Amino acid sequence: MIDRRLFKIPGIMPRIVMIAFLTLIQAVMIVIQARALAIAVVQLWRLKPLTTIVTPTLVFAVSFLARHLLTVAQNRAFYPFVEKTSGKMRERLMTKLFRLGPSLVERTGTGNMVTMALEGIDKVQTYLMLIVIKIMDMGITPWVILLYIAFMQWKEAVFLLLIYPVIILFMIILGLAAKSKADRQYAGYQRLSNNFVDTLRGLGTLKQLGLSKRYAGNVYSVSEDYRKETMATLRIAMTSTFALDFFTTLSVAVVAVFLGFDLLAGKIMLLPALTILTLAPDYFLPVRNFANDYHATLNGKNALKAVLDVLETPETNNRKVLKQLTWHADSEIKFNDVAFTYEDVKTPTLTHISFAIHGFQKVGIIGASGSGKSTLINLIGGFLTPDQTGHISLNGQQLPHLSQEVWQRNSLYIPQSPYLFHATLRENVSFYKPNADEATVKAACDKAGLTDWIAELPQGLATMIGEGSRGVSGGQAQRIALARAFLDDSRKILLFDEPTAHLDIETEAALKQDMLPLMANRLVFFATHRLHWINQMDYVLVMDHGRLVEQGTPTELASHDGPYTKLRAEMGGLHALN
Amino acid sequence: MHSIRQTFAHDTWVMPYLRKYKWLLMLVLFLGTMTFLSAAALMFNSGYLISEAARRPDSIIYIYVPVVLARAFGIARPVFRYSERLTSHNWVLRIVSDFRKKLYQAVEVKASAIKQTHQTGDILSILANDIDHIENLYLRTVFPIVIGWLLYLFIIIGIGVFSWPTALLMALLLGVIVVVMPLLSVAVNGAREFKQKQIQSQFYTNLTDEVLGLTDWVISGRYADFMALQKKPIKRIATLRRQDHYFQWWRGFAVQGCFLLAVVTLLVWSGTAFTATKGMANWVAAFALALFPIIEPFLEISQGASEWPVYRQSIERVNALSNDQPKQTPQSTLTGPVTEINVDHVTFSYPDDDRLILKNVSLKIKQGEKIALLGPSGAGKSTLLKLLLGDQTPTKGTVTINGTPINELQQQRAQLFGVLDQQPYLFNTTVMNNVRLGNLQATDEQVKTAIEAVELKPLIDSLPAGYETEVQESGTRFSGGERQRLSLARILLQDAPIIILDEPTVSLDPITERHLLDTVFKVLHDKTIIWVTHHLAGVDHVDQVRFLENGVFDLQGTPQALYRDEPRFRKLYALDAGRND
Ligand SMILES: Nc1ncnc2c1ncn2[C@@H]1O[C@H](COP(=O)(O)OP(=O)(O)OP(=O)(O)O)[C@@H](O)[C@H]1O
Ligand SMILES: Nc1ncnc2c1ncn2[C@@H]1O[C@H](COP(=O)(O)OP(=O)(O)OP(=O)(O)O)[C@@H](O)[C@H]1O
Ligand SMILES: [Mg+2]
Ligand SMILES: [Mg+2]
């Protein structure tokens, strides 16, 4: 019912005490209200003139209003806290998202992550608002009423007391059943949004495969599964509400009949009987309210759990081991027998990686597809952390990993498939340096070979690109990513993962001329399949099946018979036209 | 009223379902009304019961009927309520599944252009927000309001039987609750809820964009900017929601106030009307208590009404999406085998863009011919493919297969074309399922053969889950080249006469690339292939090479002839092999 972590939310306890106090007053008001109304009715029943009911009616009215005013007061007292808590939670979720980066999204899925941050937190807010007030209501109001009834007529009070545990028991049994269902339902909800995002992103591919029409069936069946899960939860929630409703309504009826017989026998007067009758529904009201919102509560609880689970995911720690860094000609980075294993994979993807690179070297990383180039680049960029700490050192300082804030602030990474934001071309290019001025942006675009194209765009740099706007060609996307790198000359470490894969030979050759000066006076890691780049590299790492099988300067490598020469020889045979 | 009519004028999302399920709807309303009537009857009856009993009649017979009735109403109320909730939820959720499918279909029709007009987050927000909203339209607005009004009618008529003036007074007092308050809510709170919803869906779109580009955010280190982007909408929504809640609480209080007046009125009236004899005075308690259970549905009316603007926007949004469908051209079917593809004097520029991408381009491709399409990045190679597929229509000129225009063959396109586009997508399912998408009829063996052909067998075999390995969203479980090859495996399974490959080997090392090209051209030897490439490796496989530049073909011929006669081609060739500099 309640996630224990709820009580750990800072500042919640004093609020709970305050709510409890307000609820207590409210319960007293409920009793007064019932009593006053009963007095008025009894006066009329005794055929007394209307004037005799003025006072009781006034008391009734005042206590009635006070009761509802107290509801407002409870909400008002608690809401700022709920608002602050859920707002903070959302911010923390965003921070977490930023800190954990793509690895978090890989685990949770894009659609799920987004819905969690928006709908999920909303559900948490509703949950927080409901749970505390309702539980306090359930814990206080019935007992005050019962006490008062017992004071008048112990028999009915005993009956009401006896029925209460039965109701609670019912709720617990059904609640447990509903809970497991609700967990499934929440998982279904996450699946649904992920499935939809997945489908949308791949819609073009589906269409090419001629399956897009048929996929509607898939969307429908995922949705139907979700409906069935929801219905299963709802049915249980409703059945529990029904059982509760049934018991409580019937109890009120039974009390009425009891009272009727007692009156008949002269054991009780009308006034207490009527008071008890008006109070009976109020005795059950808190439980009923709780059951009515039970489903929303379960949903909220699951959302809270999902959010807290993300918030409690451990972040890479020790991100500040490296205090400061300016990359010089004599700086050095050293890998010593580094290994890396992806989560959920048994065998390590990279093993025994050792190298030492210093100064402004340009390091080419080559190897067959799947040999581990991107993984290595990700390790160097600090997006992945090695299996064991202490195998990497920077200028002689041992580091647990390269996910160092200072290191990342000095490096720049162009991934294998760059993402274009839904923003103007200018914003996309100046993404790493949002306050760059017009001239610098233009110069960067120029170096990336985009000028001609931009000149043809009616709105130039202000053209909107990315999802939901103008399409760009594959090569243009890659050049925009390159322009980002050209723009920021303060970052001295460049990580390129096949930056020219989508470019044609001529464009690439032209771009190469511009990229070479960019790479001068920088430490560059350059994963590529295009061997002509190797001639420009100072050092080469040859990867094969997750191992570093050879390394050295291009001339060294070319001078003896190893994997590198074999690779080149094989490739020479590829161009068979002459 | 006017806005309501306007919203439903071209509606295909709400009205049709109301009409289709009108009996079920009636049932829900009936059950809902009965629930509260039984509850009121229970209290009414109980009040009478104990008043009568307090007179100490001589025999139990006098209270026998109320005793039985008390039990009957006590059972009826929960039973009605249970059936009402079960029916309404089941119905609404079923409709929602239809909605999701309908939404997908609306989006699907525009598949090739959707990336240019909608962001993933947009559609996600329609899914998560709008569809849920329409669900709530029924559960929170339509049902409670109609049930509330029915109850209102019953009460007024019930009192009217005894006294018209009192009925009129009650009609006024309760009218404030069921008519004035809802209208007031729409006026005051409607705009707020609407605004809140708008910010929220904008937030959806932006956040999705940010999550998709998260890698870049992380590297940029622009933590403060990232957070600033989120904080603004969060804060605005919080403010609006706070005001919204405050309004709701005070409105709830006001409703209770009106209700109090109604109860007191009833009390005073029964005090004057039923105090002639002792027997009649027994009714006083009955009237005084009967009204209390009715408050619950009355409270819901105003809330339901104030949410209407939100629902309205959702209805309009989904309708806008599905009504604005592209025009359908009449379709014809190709009976014989494909003999010739003809691109005839095609000129093309993208809509809303006057730059000519293709200028008077012609190209004839015969059955079984293999063509390599080269050209600088951004020259229009992918665009030409889109024209061939009929995803875009030429501004001038025609694209035909066996003389039939391509846009009339869209229904058949999956039988005609096998396409590997520049950014193939892997779905979040197993390797086996992903590859099988190429041909749903393929056996496991065929799928495995295709995977073997793209040289992934050793890798997949080494994975613990083998072919059942989940590739994760957009295939992140695999390396760039591996993803590319899985997509290529799909194409090998596809049984279509024309194969279009847009840079199929872009993320591959030269050796794997060469092997793959050999395999592709061997496996697909009897098919027509149009192959966009940036590399000249493997170009000897094709019959014709075309260079697209500045909107025209400026070099063309067999690879051998081009190598012999064209110095530029020779230079490129050498460059590509990494031989010079
Ligand atoms: N998230 C992941 N989980 C498990 N294994 C992974 C994951 N990402 C990649 N791998 C595996 O790790 C190996 C190395 O992948 P990596 O992306 O480093 O290759 P690469 O050399 O960059 O290849 P390519 O040239 O094709 O891009 C591959 O076999 C791949 O299947
Ligand atoms: N939807 C669109 N609206 C407007 N212009 C577009 C659209 N899609 C592409 N373009 C522009 O049309 C031109 C040709 O694009 P296309 O994708 O055909 O190039 P390409 O030859 O395939 O290039 P690459 O080799 O880089 O993939 C580019 O300048 C591109 O910016
Ligand atoms: Mg890679
Ligand atoms: Mg292209």
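The values are calculated or read from the model by the stated rules, or taken from the named source; none is laboratory data. Given the structure is predicted, the values throughout are model-derived calculations rather than measurements. Every residue, glycine among them, receives a Cβ derived from its backbone with ideal geometry; neighbour counts consider all protein chains shown. When the accessible area is computed, the model is the full protein with side chains, heavy atoms only, and any ligands, DNA or RNA have been set aside. Shrake-Rupley method; radii C 1.70, N 1.55, O 1.52, S 1.80 Å.
Which whole-number percentage describes the relative contact order of region A:392-508, with Cα contacts under 8 Å and a sequence gap of 6 or more?
For region A:392-508, the relative contact order is 39 percent.
Using Stokes-Einstein with the Kirkwood hydrodynamic radius over Cα pairs, what translational diffusion coefficient do you get for the protein assembly as shown at 20 °C and a viscosity of 1.002 mPa s, in µm²/s rounded to a whole number?
Estimated diffusion coefficient is 63 µm²/s.
With an 8 Å cut-off on Cα pairs and a minimum separation of 6 or more residues, tell me the relative contact order of region B:2-322 in percent.
So the answer I get is 35 percent.
Find the lysine pairs in region B:340-576 meeting two conditions, Cα atoms under 22 Å apart and a separation of 8 or more places or different chains, and report how many there are.
Summing the qualifying lysine pairs gives 24.
Please pull out the direction-averaged projected area of region B:2-322, using the convex hull of its alpha-carbon atoms, in nm² to one decimal place.
With the hull built on Cα positions only, its mean projection is 20.8 nm².
If packing is taken as the average number of other Cβ atoms within 10 Å across a peptide's residues, how do A:465-478, A:366-379 rank, most packed first?
Those peptides, ordered most packed to least, come out A:366-379, A:465-478.
Run the dipole for chain B about the Cα centre, Lys and Arg Cβ at +1, Asp and Glu Cβ at -1, nothing else charged, and hand back the magnitude in debye, nearest 20.
Dipole of chain B, to the nearest 20 debye: 2140 debye.
Above 16 angstrom, tally the Cα pairs of region A:4-43 and express them as a % of all pairs, no decimals.
Pairs farther apart than 16 Å: 56 percent.
Can you tell me how much longer the chain between B:R564 and B:D352 gets when fully stretched, taken as 0.36 nm per residue apart minus their C-alpha distance, in nm with one decimal?
Net length gain for the segment: 72.1 nm.
Quick one: helix B:278-290 against the long Cα principal axis of chain B, what's the angle to the nearest 10°, folded into 0 to 90?
So the helix axis and the longest Cα principal axis differ by about 20 degrees.
How much accessible surface area, in Å² rounded to 10, belongs to the heavy atoms of A:M269 with a 1.4 Å probe?
About 130 Å², ignoring ligands and nucleic acids.
Report, ordered by chain and residue number, the lysines lying within cross-link reach of B:K22, taken as a straight Cα distance under 27 Å and ignoring same-chain residues fewer than 8 apart.
Output for B:K22: A:K228, B:K101, B:K102.
For helix A:505-519, what angle does its Cα long axis make with the longest principal axis of chain A, in degrees from 0 to 90 and rounded to 10?
80 degrees
Mind checking region A:264-362 for chymotrypsin sites (Phe, Trp or Tyr not before Pro) that DSSP puts in a loop (not H, G, I, E or B) and that have at most 16 other Cβ atoms within 10 Å?
Within region A:264-362, the qualifying chymotrypsin sites (Phe, Trp or Tyr not before Pro) (loop, at most 16 other Cβ atoms within 10 Å) are A:Y342.
Quick one, what does Rg over Rh come out to for region A:280-328 if you take C-alpha atoms and the Kirkwood Rh?
Here Rg/Rh amounts to 1.55.
For region B:392-507, what does the alpha-carbon gyration tensor say about shape, rounded, prolate or oblate, given a ≥ b ≥ c as the root eigenvalues, a/c under 1.5 as rounded, and a/b over b/c as prolate?
Prolate is the answer for region B:392-507, as a/c is 1.5 or above and a/b outweighs b/c.
Only counting protein heavy atoms at a 1.4 Å probe, give the residues of region A:476-519, ordered by number, whose accessible area falls by 40 Å² or more when the other protein chains are present relative to the chain alone.
A:H502, A:D504, A:I505, A:E506
How would you classify region A:422-483 from its alpha-carbon gyration tensor, with a ≥ b ≥ c the square roots of the eigenvalues: rounded for a/c under 1.5, else prolate if a/b is greater than b/c, otherwise oblate?
It comes out rounded by the Cα gyration axes.
State the percent of C-alpha pairs, over all pairs in region B:17-68, separated by a distance greater than 15 angstrom.
More than 15 Å apart: 60 percent of the Cα pairs in region B:17-68.
Determine the relative contact order of chain B: mean sequence separation of Cα pairs under 8 Å and six or more apart, normalised by residue count, in whole percent.
After rounding, I find 14 percent.
Kindly provide the helix-only [θ] at 222 nm of chain B, computed as the sum of -39,500 (n - 2.57) over DSSP H runs of four or more divided by all residues, to the nearest 500 deg cm²/dmol?
For chain B, the value works out to -19500 deg cm²/dmol.
Pairwise over distinct Cα atoms, reciprocal of the mean inverse distance: report the Kirkwood radius of region B:158-297 in Å, one decimal place.
Evaluated on region B:158-297, it is 19.4 Å.
Loop-only check: which trypsin sites (Lys or Arg not before Pro) in region A:48-87 are DSSP coil with at most 13 other Cβ within 10 angstrom?
Passing sites in region A:48-87 do not exist.
Trypsin sites (Lys or Arg not before Pro) within region B:1-47: which are DSSP loop residues with at most 15 other Cβ atoms inside 10 Å?
Here no loop site has a sparse enough neighbourhood.
What does the structure give for A:94-107 when I average, per residue, the other chain Cβ atoms found within 10 Å of the residue Cβ?
That average works out to 5.
I'd like the mean, over residues of A:313-325, of how many other protein chain beta carbons sit within 10 Å of each residue's own Cβ.
Per residue, the number of nearby Cβ atoms from other chains is 0 on average.
With the Cα gyration tensor of chain A giving a ≥ b ≥ c as the square roots of its eigenvalues, does the rule (a/c under 1.5 for rounded; else a/b larger than b/c for prolate; else oblate) give rounded, prolate or oblate?
prolate
Enter the mean number of other protein chain beta carbons within 10 Å of the beta carbon of each residue in A:528-535, as an integer.
5
With runs of 4+ DSSP H residues as the only contributors, calculate the mean residue ellipticity of chain A at 222 nm using -39,500 (n - 2.57) per run, divided by the residue total and rounded to the nearest 500.
Result for chain A, helices only: -21000 deg cm²/dmol.
For q values of 0.08, 0.12 Å⁻¹, compute log₁₀ I(q)/I(0) with the Debye formula on a Cα-only model of region B:340-576, without solvent.
The calculated log intensity ratios at q = 0.08, 0.12 Å⁻¹ are -0.31, -0.70.
For A:K134, go through the aspartates and glutamates and keep the ones whose alpha-carbon is under 16 Å away, minus same-chain ones fewer than eight residues off.
A:D3, A:D282, A:D293
Using the 2.2 N^0.38 Å rule of thumb for compact globular proteins, work out how region A:89-311 stacks up: its C-alpha Rg over that value, please.
The reported ratio for this selection is 1.42.
Of the options B:T12, B:S59, B:L321, report the single residue whose Cα projects farthest towards the positive end of the charge dipole of chain B (beta-carbon charges: Lys, Arg +1; Asp, Glu -1).
Selected residue: B:S59.
If you find the alpha carbon centre of region B:4-32 and of region A:205-225, how far apart are they in angstrom?
A separation of 28 Å, based on Cα centres.
From the mean inverse distance of alpha carbon pairs (Kirkwood) and the Cα radius of gyration, derive Rg over Rh for region B:240-369.
1.54
Roughly how tilted is helix B:510-523, in degrees to the nearest 10 and between 0 and 90, from the longest Cα axis of chain B?
90 degrees
Dimensions of chain B along principal axes (Cα, Å, largest first)?
Reported extents, whole Å, longest axis first: 122, 52, 49.
Please give the FRET efficiency for B:T449 paired with A:S180, using the beta carbon to beta carbon distance and R0 = 35 Å, rounded to the nearest 0.05.
0.20
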